[in-house]
Amino acid sequence: MKVIDKIYIDGAFVTPHGDEMFDLFNPATAERIGQVRLADAEDARRAVAAAKRAFPAFARTTKAERIAMLRRMHDAVAARGDELFEAIVEEYGAPVSRGRWMVAHAASQLLDMAKVLEGYEFTQRIGIAEVVMQPLGVAGMVTPWNSDAGFICGKLAAAIAAGCTAVIKPSEMSAMQTRVVTEALHEAGLPAGVFNIVTGRGDTVGAEIVAHPDVAKISFTGSTAVGKSILRGGAETLKRVTLELGGKSPVLVLDDADFATAVPLALNAGFMNSGQACIAGTRILVPESRLAEFEARVADEVTKIQAGDPRDPDTSIGPMVSAKQWERVQSYIRIGIEEGARVIAGGEGRPEGTTGWFVRPTVFSRVRNDMRIAREEIFGPVLSIIAYRDEEEAVAIANDTSYGLQAYVVSPDAQRARAIAGRLDAGRVLINTLSHEPLAPFGGFKQSGIGREYGRFGLEAYLEPKSILS
């Protein structure tokens, strides 16, 4: 059994002041595989103090110096790719293809931000003023378990590029992945205190970072409920806040769509990352006139989707991250049945032959947009098909949600699809694709968040403009 008993503060691996031991599990087997010693509020304060000490010198580093750091960080994370992949599969249960993508994504974000920084001008002339983009200070980052390495590297890359120092609180459920990433970043040789990584609970370490007066910026990815509490917690010191929160993304299948391609795309959008994705397309909007045809194709297509052993190359849906998450998803499947939705694939229980926290890939049809399964984020492989009469109703249903993170449009008519995309309340709209653009801004409308990450927009989230007139 693996025991992780160090956190990273001021350029060194240290024993936490906190003494709580947290169990780690392999979600594919439900077996305990290790423990992590959790940091506490005192550890968080030490980390913030280290970041504060490091900030004045780091803020004065040149653009070239920070670009070189980001490139070293990229190389170090990439060099640990196989080790990180093993941790992702063992601790999170990501299928092979997803796990490899997650490894590449973590490293590439560091290189992407280096490229953004190369072309970014921190000083520009506006009228008679010289406007200087100044680093905010110490940035606190709270990251989730569904893409641990990616969120750590992405948020840290933006902070480093801006000249900010950082204190990161990753999910306690991702300690094995965090250890690999931390060791890699340490090997990149950044000045002590520039980044600090303290694994602990949200209500202790996270709360201390959010409330601490020496933290100028908070970047959080996670649930909308926790995001609201972070916003309240940071209000006393008027922290700058970036929140990337929940989603209930619509997939608009227009009436001219070819279902041979639309159905696989819609299912892949909904089942990505085993359904544990804030951008998952969990509401599939289908023309009423073609509903029966769509249902039949979905029922057939789901039989080709394998949920099971994440190390099997044919598996596309892995387990839920924890027993608690498995129970949550099962409860929503029961809720959908009780609400009167029709199960056309999947249902309660585990897929045949599995013993871990696996969920049967489930698709409901005849769903109304006022049902709980259509309104609440489930965070598992459970999708809802909602029928619409015409294009106007489709757009209205798509926008009738408290979320607005991502949306999808499926149609062979590019002009029509773009017109629909322009009417959707979502931070990103994907047309006939599941592609990701790492330089384009990412974030949500409404209760899906505040602010943007990635690219120039993500960099500027860690900067404050200062106008100098003379």
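Values quoted throughout were computed directly from the atomic coordinates according to the rules given, and no laboratory measurement underlies them. Predicted model, so just to flag it, every value in this text is computed and none were measured. All Cβ positions, glycine included, derive from the backbone under ideal geometry; neighbour counts span all protein chains shown.
Can you name every residue in segment 31-62 that is closer than 23 Å to PRO319 by Cβ and surrounded by 16 or more Cβ atoms within 10 Å (Cβ to Cβ)? GLY34, GLN35, VAL36, listed by residue number. For segment 400-457, the candidate set comprises residues that are of a type in the set (S, T, N, Q) and in a loop (DSSP other than H, G, I, E, B); within that set, the residue that is nearest to LEU243 (Cα to Cα) is SER402. Looking only at residues of segment 186-217 that are among the hydrophobic types (A, V, I, L, M, F, W, C), assigned to a helix (DSSP H, G or I) and touching a helix residue (DSSP H, G or I) at 6+ places or on another chain (Cβ under 6 Å), we find that the one that is surrounded by the most Cβ atoms within 10 Å (Cβ to Cβ) is ILE209.
Of the residues in segment 457-465, at least one is surrounded by fewer than 16 Cβ atoms within 10 Å (Cβ to Cβ), within 29 Å of VAL138 (Cα to Cα) and of a type outside the set (S, T, N, Q).
Restricting attention to segment 359-390, the residues that are closer than 22 Å to ILE317 by Cβ and in a loop (DSSP other than H, G, I, E, B) add up to 10. Of all residues in segment 435-470, those being more than 13 Å from the chain's Cα centre (by Cα), at positive phi and small (Gly, Ala, Ser) number 2.
In summary, ILE337 fulfils each of the numbered conditions (1) among the aliphatic types (A, V, I, L, M); (2) surrounded by fewer than 21 Cβ atoms within 10 Å (Cβ to Cβ); (3) in contact with a Leu (Cβ under 6 Å, 6 or more places away or on another chain) with the single exception of condition (3). In the condition set (1) of a type in the set (Val, Ile, Thr); (2) assigned to a helix (DSSP H, G or I); (3) more than 24 Å from the chain's Cα centre (by Cα), VAL131 is compliant with all but (2). Within segment 340-368, being surrounded by fewer than 20 Cβ atoms within 10 Å (Cβ to Cβ), among the β-branched types (Val, Ile, Thr) and either in contact (Cβ under 8 Å) with a residue 40 or more places away in the chain or in contact with a Lys or Arg (Cβ under 9 Å, 6 or more places away or on another chain) (or both) holds for ILE344, THR354, THR355.
Cβ-Cβ distances below 6 Å connect the following pairs, each with a first residue in segment 112-131 that is under 15 Å from PRO465 (Cβ atoms), a second residue that is among the hydroxyl-bearing types (Ser, Thr, Tyr) and surrounded by fewer than 14 Cβ atoms within 10 Å (Cβ to Cβ), and a separation of six or more residues or different chains: ALA129/SER467; VAL131/SER467.
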